[in-house]
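Contents: one structure, followed by commentary.
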Amino acid sequence: MTHPIVLVTGGSRGIGAAIAIMAAQRGYDVAFSYQSNAKAAEEVAHKIRATGRKALATQADVSVEADVLRLFTTVDQQMGRLDALVNNAGMLEKQTRLDQMDVGRWNRVLGANVIGTFLCAKEAVLRMSTQHGGKGGTIVNISSAASRLGSPNEFIDYAAAKGAVDSMTIGLAKEVATEGIRVNAIRPGLIYTDIHASAGEPGRVDRAKVGVPMQRGGTADEVAEAALWLMSEQSSYVTGTMLDVAGGR
Ligand code: NAP
């Protein structure tokens, strides 16, 4: 029996780890990348193998083209095929106003969130598109509610990067709609993960949840459920869509 194969970027922690583990529980063999935390990656690989499915963890910075090319070649060699890509790897930097940011930060934020998403989407299309001899597939981009909210006084650069991911989702979905590939995005709201600590406020979700109509933060598993649906045949007529998983925010 063949199992579908998914590549989840940034699958070692947070939302990406939840997607990688849930995909294995639903029958996928799972390749995932991480940037530097090899220990966290090994723990996720262990959890995937415990479900009986194959796990492949590869270090790769998605903002570096050579790393992305090596990542996809490794998946080709070890998994043999690619049915789904989840462009999850992303980051933000310390909360501040735009007039306190510098060009180095913008290059890092746009590099990881935008260029990384573009690089991985390109490699996936080259493998999945029927125009390139592929059998089709699905791409799920993890955007953010920030693309609609703008994130003033926190990280406008990150919000704008996710806005670019939304636009790319719409354009690419139309570009490959007749080539067997569906492209969608998820816009998570305030989700309990380590990302808020990297913004300088580990308790950000609990501080900000009063602004969420449902009055709570979300879990990585709640985002993973949406990703698994968008990857599945159950969403076969859905493409170019932004799915908000944000408690009404
Ligand atoms: P997280 O807990 O900080 O985990 C980030 C993951 O991405 C880690 O696996 C990390 O690898 C990897 N990563 C970061 N930069 C990378 C790079 N340049 N190349 C390769 N891998 C990289 O973050 P998260 O909260 O799960 O976020 C996942 C996605 O959801 C991101 O795109 C984020 O923007 C989006 N999102 C999150 C929230 C939220 O509230 N949490 C809300 C909206 C959108 P290492 O483990 O090696 O560091």
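Here the stretch 1-52 is the region considered, the condition is being more than 9 Å from the ligand (Cβ to nearest atom) and among the hydroxyl-bearing types (S, T, Y), and the residue that is modelled with the lowest pLDDT is T2. Quick check: is even one residue across the stretch 95-106 part of a helix (DSSP H, G or I) and open to solvent by less than 10 Å² (accessible area, probe 1.4 Å)? So far as the stretch 95-106 goes, no, none of its residues is part of a helix (DSSP H, G or I) and open to solvent by less than 10 Å² (accessible area, probe 1.4 Å). Of all residues in the stretch 107-137, exactly one satisfies the criterion of being farther than 18 Å from A159 by Cβ, out of contact with any strand residue (DSSP E or B) (no Cβ under 7 Å at 6 or more places or on another chain) and either open to solvent by less than 10 Å² (accessible area, probe 1.4 Å) or within 11 Å of the ligand (Cβ to nearest atom) (or both), namely L119.
Return the pairs, sorted by first residue and then second, in which the second residue is within 14 Å of the ligand (Cβ to nearest atom) and assigned to a loop (DSSP other than H, G, I, E, B), the first residue lies in the stretch 87-102 and is modelled with pLDDT under 95, the beta carbons are less than 9 Å apart, and the residues are 6+ apart or on different chains. Within 9 Å, no pair qualifies. Does D166 meet the test of being open to solvent by 20 Å² or more (accessible area, probe 1.4 Å), of a type in the set (D, E) and under 25 Å from R105 (Cβ atoms)? When the stated conditions are applied, D166 does not pass them.
Candidates in the stretch 131-164 are the residues that are of a type in the set (V, I, T) and in a strand (DSSP E or B); of these, the one that is nearest to I195 (Cα to Cα) is I142. Residues that are buried (at least 18 other Cβ atoms within 10 Å of the Cβ) and at pLDDT 95 or above were ranked within the stretch 196-208; the one that is nearest to G10 (Cα to Cα) is H196.
The values are calculated or read from the model by the stated rules, or taken from the named source; none is laboratory data. These numbers come from a predicted model, not from an experiment. Neighbour counts are summed over all protein chains in view; Cβ atoms, including those assigned to glycine, are modelled from backbone coordinates with ideal geometry. The protein model used for the area step is the full one, side chains on, heavy atoms only, and it has no ligands, DNA or RNA in it. Shrake-Rupley method; radii C 1.70, N 1.55, O 1.52, S 1.80 Å.
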